[in-house]
Amino acid sequence: MHFSDLGIIALILASGFAIYTGIAAVLGAIRRAPLLVTSARRGVLVVTFFVLLASASLIVSFLTHDFGVSYVAQHSSLEMPWYYVTAAFYGGQEGSLLYWALMLSVFSAIFALTARRAPAALVPYVIATLMGIEIFLLIVLSTVSSPFVRLPVTPADGNGLNPLLMDPGMLVHPPMLLMGYMSFSLPFAFAVAAMITGKLDSDWLRSIRRWMLASWSIQTTGLILGAWWAYHVLGWGGYWGWDPVENAALLPWLTATAFLHSTMVQERRGMLKVWNLVLVIASFALSIFGTFEVRSGIISSVHSFAYSDIGSFFLVFLAIIIVFSTALFIFRLPRLRPEQEFDSVISREGIFLLNNLLLVGIAFATLWGTIFPLISAAIRQQTMTVGPPFYNSVNGPLFV
């Protein structure tokens, strides 16, 4: 039995327990059964254990140079130092997806262990939402994008990492940025739970703000490390080149920054309730969009993976998120009326709103520039590129 076989078994078991955990959480909430909710919280820990086991199996396969595993043969070689061999774990599409599932399970476990600090009515639905996301990732990993597929013939050596990735930046930037993408799942799960239960008061807002601040901090660190790496590696366009994948990482950071500012207005004055929910949903949706963009290969970028069918799965998942969130949002819209009105455009609340509009304006301009080549190709049958001059001329004044 190979470690890759253990990894496959661990992913299957993780999928099964994630399904059970999600169902137990929902039933516990509907039936008001604390034992089921407690079981769901423990189920999160079991899921985390099996995802950790799958991840450890892949890392051991790398460290033992098991080139019979296709993913290991593609992304490592005998001559690579052990730390780059370990980093190769997330150096390709399948491994980075497993890393995302791992971080999501770890963050879910942290929430499950600290759930007593959150409003009790929200806890089961937060768990169910997180497990829904985890189930999607685990199913993709177990079927179309498994890192444990074995080759019919074991090669003597592997291909090794891309030479540009053989850099200290590889050890810190990708894991931090992937963690940042994933971490927006927690605020999104709180938003879904609040909309399902109708408990859209200040309690859920205080809980979600802590998680969003953590997500924002992680994503900020990832962006800074990425800018340093881009400057450090010759030919990557300086600190920031407005590359489509760089843009995709910036988008959820912008909406999260806007949320962290506008949430103070809601806490103090009971205003911007609709706006804040939209920002939370948008932050997670944009992180999934960024993942789709990287993994589909439909947009040319030095950071993208090659074209893969996995992109279509993320596109469908993104559509489900948008439709489901929008339906809940419309259903709860009557409960999102502001408790007070704006006194003046130049009031403190008005300044916060202006700040938010500028940040969202930058996000919209960046998103438009990123997807415009796709739109032009679909309508005019001609691909038009959008380069740094566009972003500098549009976003420059807004940043200032």
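A short reminder: the numbers here are calculations on the coordinates, not readings from a lab. Because the structure is predicted, anything quoted here is derived from the model rather than measured. In this analysis, Cβ positions are derived from the backbone assuming ideal geometry, glycine residues included, and neighbour counts consider all displayed protein chains.
Just to confirm a number: summing +1 for Lys and Arg and -1 for Asp and Glu over residues other than Ala194 whose beta-carbon lies under 11 angstrom from that of Ala194, what do you get? Please report the intermediate quantities before stating the final value.
Values: positive: Lys199, Lys273, Arg332, Arg335; negative: Asp201, Asp203.
With Lys, Arg at +1 and Asp, Glu at -1, the neighbours total +2.
Along segment 187-200 the Karplus relation, 6.51 cos²θ - 1.76 cosθ + 1.60 evaluated at θ = phi - 60°, assigns HN-Hα couplings of x, 4, 4, 5, 5, 4, 4, 5, 5, 5, 7, x, 8, 9 Hz to successive residues, with x for each Gly and Pro.
The phi torsions of segment 17-29, fed into the Karplus equation with coefficients 6.51, -1.76 and 1.60 and a -60° offset, translate into couplings of 5, 5, 4, 4, 4, x, 5, 4, 5, 5, 5, x, 6 Hz, rounded to whole numbers, with Gly and Pro shown as x. Summary of packing: across the peptides 281-293, 320-332, the per-residue average of other C-beta atoms within 10 Å ranks them, highest first, as 281-293, 320-332. With Cα atoms defining each centre, segment 254-283 and segment 119-181 are spaced 30 Å apart in the structure. Would you mind counting up the charge near His2? Only other residues with Cβ under 11 Å from its Cβ, with Lys and Arg at +1 and Asp and Glu at -1. Local net charge: -1.
Remark on Val149: its backbone amide H falls under 5 Å from those of Ser70, Tyr71, a criterion applied only to residues 5 or more positions apart or on other chains, H modelled at 1.01 Å from N.
Just checking my list [x] 23.6; [y] 19.5; [z] 21.0 against mean projected area of the Cα convex hull in nm² computed from this structure; which label fits? Only one listed value fits the structure, namely [z].
For the pair Leu171 and Arg337, label points projected 7 Å from Cα toward Cβ lie 5.9 nm apart.
With the highest mean first, a sort of the peptides 58-64, 201-207, 89-95 on other beta-carbon atoms found within 10 angstrom per residue produces 89-95, 58-64, 201-207.
In order along segment 34-46, the phi-based Karplus estimate (6.51 cos²θ - 1.76 cosθ + 1.60, θ = phi - 60°) of 3J(HN,Hα) comes to x, 5, 5, 5, 4, 4, 5, 4, 5, x, 4, 5, 5 Hz; Gly and Pro are listed as x.
In this structure the amide hydrogen of Ala33, modeled in the peptide plane, comes within under 5 Å of no amide hydrogen from residues 5 or more places off or on another chain.
Ranked for footprinting exposure by Cβ neighbours inside 10 Å, fewest first, Trp242, Trp216, Trp368 give Trp368, Trp242, Trp216. Comparing Phe390, Phe313, Phe67 in a Gaussian network model of the chain, where Cα atoms under 10 Å apart are tied by springs, the biggest mean-square fluctuation is seen for Phe390.
So how do Lys199, Lys273 line up by other beta-carbon neighbours within 10 Å, fewest first?
Ascending number of Cβ neighbours within 10 Å: Lys199, Lys273.
Can you compute the FRET efficiency between Trp368 and His232 using 1/(1 + (r/R0)^6), with r the Cβ-Cβ distance and R0 = 35 Å? Round to the nearest 0.05.
So, using R0 = 35 Å, E works out to roughly 0.70.
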